[in-house]
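Novice: Quick one: the structure is below, questions incoming.
The values are calculated or read from the model by the stated rules, or taken from the named source; none is laboratory data. Everything numeric in this text was worked out from a predicted model, so none of it was measured. Here the Cβ positions follow ideal geometry from the backbone for every residue, glycine too, while neighbour counts run over all protein chains shown.
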Amino acid sequence: MPTFVWKGRTASGASATGEIAAGSQTDVVAALRQKKIIPTSIKVKEEKKKLTLFAGRVTGRALAVFTRQFSTMLNAGLPLLTCLEILGKQTESLALRKILTEVRGDVEGGLSLADALRRQPKAFDNLYVNMIESGETGGALDVILMRLAVYLEKSAALRRKIKGAMIYPAIISLVAVGAISVMLLFVIPIFAKMYAGVGAELPAMTRLVMKMSDFLKVAIIPLVIIVIALFTILRRWHKTSSGAKAMDPIFLKFPVFGDLIRKQSIARFARTLSTLLSSGVPIIDALEITARSAGNWVVEDAILKARISIKGGENIADPLSKTAVFPPMVTQMIAIGEASGGLDEMLAKVADFYDEEVDQAVENLTAALEPLIMVFLGGIVGFLVISMYLPIFQLAGTITE
């Protein structure tokens, strides 16, 4: 049973406030009237979230499955609270199960579904909550949930493709680093001991590799700590406004990777805005939500400028066309969609097109990385092997002479 925080006035006109546990806001009003208190404000008390070691987070796949099942059950005529209870029991995600229990309690306490979901920001973002609110207002919650499910499934599929494409190059890179480290830390020192008694001067390549081995034996742990610390600092800084503003434009200029990031951002922008507009979310609110979920500061800035343009009575396409992010084809299709009144449908076509473009970019990235990594690994290992055997070749040459 939820706890409500209330404010009101007594019969004498004095201010009063307090907390009361009740089944709904109506019960709170009835209880206060018995005490001859006129309520002026009643809100559900915000509970502090307890940290749990094994709660985990709600994955995109679990959220998509929940959303589709929720839509199907509502469409079949099941009551909202019954749907939440059933879905909370059958979901495999422990984190989502806990969240749905809290959401169901909030809805029983008198909150709307959107307000209840808004209290769970780690699982339900602004896009999700605003679409649910639109569905509740328009009386088409099941339809909105189905659109959300499709959106979440396509977004999850796109992320899976990109992560899947990165697995092989990442594994090869780790193997390359591991092989080189093993040679420098364990193999090269054996050769160094063998050459220690040789009176002749070692070749420059061999001396260089031996110095690298000696340095790595001393600095391997500090280097690992520095790399991890630097990665963590940069990652956290990127999550800040100043960090994103500084790093995201650089990411877009990376060869191959920059093209993939740009296409992924355009696909996400088009898919998100199309879903929001088709669900009845006002375009000003839809653009703000889309900007916050763009995933890149450059794209976010362009969308927010378009939002300001619309507030001033202009269209979306013009400010987007002035950026280097959105290609002319995208801005022209948006302009046609605005003129014809079918902007959501046109954006959906743009999203479908760029989903395919992302697939192709991922394939190109994988095809480009594999030979580069293999050449790099082969070149480094070859250099190390030659540098270690070069003194033996020279010694054999002097003996022959």
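Novice: Only one of Ala157, Ala114, Ala140 is within 23 Å of Asp352 (Cβ to Cβ) and either outside the structural domain of Gly280 (by TED's automatic domain parsing) or of a type outside the set (D, E, K, R) (or both). Can you tell me which?
Specialist: Just one listed residue meets the conditions, Ala157.
Novice: Among the residues of region 84-139, write down those that are closer than 23 Å to Ala294 by Cβ and of a type in the set (Gly, Ala, Ser).
Specialist: Ala114, Ala123, Ser134 - these are the residues of region 84-139 that are closer than 23 Å to Ala294 by Cβ and of a type in the set (Gly, Ala, Ser).
Novice: Please indicate, with yes or no, whether at least one residue in region 222-240 is assigned by TED's automatic domain parsing to the domain that holds Val358, without any contact (Cβ under 8 Å) to a residue 12 or more places away in the chain and surrounded by 15 or more Cβ atoms within 10 Å (Cβ to Cβ).
Specialist: yes
Novice: Among the residues of region 241-263, what is the count of those that are loosely packed, with under 10 Cβ neighbours inside 10 Å and either in contact with a His (Cβ under 6 Å, 6 or more places away or on another chain) or closer than 30 Å to Ala196 by Cβ (or both)?
Specialist: Looking only at that region, the number is 0.
Novice: Continuing with the same structure: Filter region 295-314 for residues that are surrounded by fewer than 17 Cβ atoms within 10 Å (Cβ to Cβ) and part of a loop (DSSP other than H, G, I, E, B) and give the result.
Specialist: Those that are surrounded by fewer than 17 Cβ atoms within 10 Å (Cβ to Cβ) and part of a loop (DSSP other than H, G, I, E, B): Gly295, Gly312, Gly313, Glu314.
Novice: Report yes if some residue within region 21-40 is modelled with pLDDT under 75, assigned to a loop (DSSP other than H, G, I, E, B) and over 28 Å from Tyr128 (Cα atoms); otherwise report no.
Specialist: Within region 21-40 (the criterion being modelled with pLDDT under 75, assigned to a loop (DSSP other than H, G, I, E, B) and over 28 Å from Tyr128 (Cα atoms)), the answer is yes, since at least one residue qualifies.
Novice: Let me ask something else about it. Considering (1) surrounded by fewer than 12 Cβ atoms within 10 Å (Cβ to Cβ); (2) modelled with pLDDT under 85; (3) not hydroxyl-bearing (Ser, Thr, Tyr), say which one Gly382 fails and leave the rest.
Specialist: That leaves (2) as the condition not met.
Novice: Continuing with this model, one more query. Tell me whether region 248-260 contains one or more residues that are within 21 Å of Asp352 (Cα to Cα), aromatic (Phe, Trp, Tyr) and at pLDDT 85 or above.
Specialist: no
Novice: Determine the pairs where a residue that is free of Cβ contacts under 8 Å to residues at least 24 places away in the same chain, located within region 297-322, has a partner that is basic (Lys, Arg) with Cβ atoms under 6 Å apart, the partner being 6 or more residues away or on another chain.
Specialist: Every condition considered, the pairs that remain are Pro319/Lys305.
Novice: Okay, next question. Looking at region 245-285 only, could you name the residues that are β-branched (Val, Ile, Thr), out of contact with any Leu (no Cβ under 8 Å at 6 or more places or on another chain), in a helix (DSSP H, G or I) and within 30 Å of Gly135 (Cβ to Cβ)?
Specialist: Residues satisfying the conditions are Ile266, Ile284.
Novice: Given the residues Ala294, Ala302, Ala335, Ala306, which is the only one that is in the same structural domain as Ile171 (by TED's automatic domain parsing) and at pLDDT below 80?
Specialist: Ala294
Novice: Now a separate question. Within region 112-126, how many residues turn out to be of a type in the set (Asp, Glu) and either over 16 Å from Lys43 (Cα atoms) or buried (at least 19 other Cβ atoms within 10 Å of the Cβ) (or both)?
Specialist: Count: 1.
Novice: Restricting to region 66-89, and then to whatever is among the hydrophobic types (A, V, I, L, M, F, W, C) and assigned to a loop (DSSP other than H, G, I, E, B), can you tell me which residue is surrounded by the fewest Cβ atoms within 10 Å (Cβ to Cβ)?
Specialist: Checked region 66-89; the qualifying residue surrounded by the fewest Cβ atoms within 10 Å (Cβ to Cβ) is Ala76.
Novice: Okay, moving on. Residue check: is Val298 of a type in the set (A, V, I, L, M, F, W, C) and farther than 24 Å from Val150 by Cα?
Specialist: Against the criterion (of a type in the set (A, V, I, L, M, F, W, C) and farther than 24 Å from Val150 by Cα), Val298 qualifies.
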